[in-house]
1. Name the residues in segment 61-93 that are among the hydrophobic types (A, V, I, L, M, F, W, C), in contact (Cβ under 8 Å) with a residue 40 or more places away in the chain and part of a helix (DSSP H, G or I), would you?
2. State whether one or more residues within segment 4-20 are outside any strand (DSSP E or B), among the polar types (S, T, N, Q) and under 28 Å from Thr144 (Cβ atoms).
3. Any residue at all in segment 133-141 that is under 20 Å from Ile7 (Cβ atoms), of a type in the set (Asp, Glu), buried (at least 17 other Cβ atoms within 10 Å of the Cβ) and at pLDDT 90 or above?
4. When the residues of segment 98-126 are filtered to those that are among the aromatic types (Phe, Trp, Tyr) and at pLDDT 90 or above, which remaining residue is farthest from Val67 (Cα to Cα)?
5. Checking the structure you have, find out if any residue of segment 37-52 is more than 20 Å from the chain's Cα centre (by Cα), free of Cβ contacts under 8 Å to residues at least 60 places away in the same chain and on the phi < 0 side of the Ramachandran plot.
6. Would you check if Gly90 is under 18 Å from Ala10 (Cα atoms) and of a type outside the set (Ser, Thr, Tyr)?
7. How many residues are assigned to a loop (DSSP other than H, G, I, E, B) and touching a residue at least 40 places away in the same chain (Cβ under 8 Å) if we restrict to segment 137-156?
8. Can you confirm whether Leu31 is surrounded by 17 or more Cβ atoms within 10 Å (Cβ to Cβ), in contact (Cβ under 8 Å) with a residue 60 or more places away in the chain, within 24 Å of Phe214 (Cβ to Cβ) and touching a Cys at 6+ places or on another chain (Cβ under 9 Å)?
Amino acid sequence: MTKPITIVTAVLQNQKPNDGKRPRPEQREELLRRIVHQYGKADIILLPAGFYQTHGHLTVKREEKEVGEMTKTIQGILNKEKSDAAVCFGFDSDKDQLAFAVNKTGLQAAARKFYHPKSRFALADDFNGEELGKKRTFEIRGKTFYLAVCFDVKALGKRIKGAEKKPNGVDAVLSLIHIFGKSINKEGVERGQGFSYFIRTIAGASLQWGVPVFASATFYKWNGAKFPSGILCKKAYYKNGCDSDLKNLKNDKVRLDKAVREGELVEAEPESAICKEYVLE
C-alpha cells in the first residue's frame, strides 16, 4: 500500500496591519527553518506567494541566478533537518509573480502567474506553461501537484484563460496566495478583505477541477487558524459560492474537514505560521 502524502499549509500571521513593508529575507529564512524543523517529515510544505521578494523586473538570467540562490538556501535547510519535503514558495519582483517547488535534490517545478485582472504583471502565456524549463507540476509517489500563483486559483474556478479543464493526471492544486486581512490605505484607515473570499476562491477552483485545493497566504491582524486551508468542494456542498458549514466538506480519501494536526503555531518575528497538516491518500 502506498504511503499517504502529507501536506502542511503554513499560513503566515502578522499581528500588525499591512503597511506594505515586508520581512527581510533572513527573517523569512529563519521562519522557514523553524517550520522545517517542526514539520520536516511532511511531503509538502506550502508557503504563501511573495515569500521572497526583490525589486525591478526579472530577466531570464537574473531569474535563474536569484532562484538558484534561493534553491541552495532551501536545500541547505532541508539537508540540515534531514527532510525530504518539497518546499513550495512564492517569489515576487515588481513585474513578476512566481512559485517554485524545491526539495533537497533541487528545483522540482516552477510557475509564473498566468492570470491577473489588471494585467500589470508579466504573465505566462497559458495556465500550463513552463518556467525556467520546468513544468508547473511535480509528482510525489504517483500523485501530481499543480502550482497556482495567487489570482491563478480564481481563474481555475471562473474558467478563465482556458483553465476550465484540469490537465490530465493532476491530483491536487497548491495555491500560493498573497495577502488577506487588515491593510492601511493612503488615508491611514484600516480596511480588510474577508476570510469568506479566501474560502470561496479556493472552493470554486476545487469544484471546477474536481480535486482538493490546498492554500497558504499571509494574514494581517486577523486570525486564520479557525479557517480551513485545504478544501475539496463538490456540487452537493456548494451553495452561494461555498457551503457555509465547512464541516460537511468531506471525502473518503482526503481529510479536509479537520486537519490531522490542526493549527499548530510556529513562532518567529515579525511573523508566525499557523501550520495545518492534511493527508492525501
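1. Quick first cut of segment 61-93, residues among the hydrophobic types (A, V, I, L, M, F, W, C) only: 67, 70, 74, 77-78, 85-89, 91.
If we keep only those that are in contact (Cβ under 8 Å) with a residue 40 or more places away in the chain too, we end up with 67, 74, 77-78, 85-89, 91.
Val67, Ile74, Ile77, Leu78 - these are the residues of segment 61-93 that are among the hydrophobic types (A, V, I, L, M, F, W, C), in contact (Cβ under 8 Å) with a residue 40 or more places away in the chain and part of a helix (DSSP H, G or I).
2. Going through segment 4-20, the residues outside any strand (DSSP E or B) turn out to be 4, 15-17, 19-20.
Retained after the next criterion (residues that are among the polar types (S, T, N, Q)): 15.
When the remaining residues are screened for being under 28 Å from Thr144 (Cβ atoms), the result is none.
Within segment 4-20, none of the residues are outside any strand (DSSP E or B), among the polar types (S, T, N, Q) and under 28 Å from Thr144 (Cβ atoms).
3. no
4. Quick first cut of segment 98-126, residues among the aromatic types (Phe, Trp, Tyr) only: 100, 114-115, 121.
Remaining after also requiring at pLDDT 90 or above: 100, 114.
Working: Phe100: 9, Phe114: 19 Å.
Applying the filter and picking the extreme gives Phe114.
5. Residues of segment 37-52 more than 20 Å from the chain's Cα centre (by Cα): none.
Checking segment 37-52: not a single residue is more than 20 Å from the chain's Cα centre (by Cα), free of Cβ contacts under 8 Å to residues at least 60 places away in the same chain and on the phi < 0 side of the Ramachandran plot.
6. Values: under 18 Å from Ala10 (Cα atoms): yes; of a type outside the set (Ser, Thr, Tyr): yes.
For Gly90, the condition - under 18 Å from Ala10 (Cα atoms) and of a type outside the set (Ser, Thr, Tyr) - is met.
7. Residues of segment 137-156 that are assigned to a loop (DSSP other than H, G, I, E, B), as a first pass: 141-142, 150-151.
Now drop any that are not touching a residue at least 40 places away in the same chain (Cβ under 8 Å), which leaves 141-142, 150.
Residues flagged as assigned to a loop (DSSP other than H, G, I, E, B) and touching a residue at least 40 places away in the same chain (Cβ under 8 Å) within segment 137-156 amount to 3.
8. Judged against the criteria, Leu31 is not a match.
The values are calculated or read from the model by the stated rules, or taken from the named source; none is laboratory data. Since the structure is predicted, the reported quantities are computational estimates derived from the model, not experimental observations. Because the Cβ atoms are built from the backbone with ideal geometry, glycine has one as well, and the counts that use them run over all protein chains shown.
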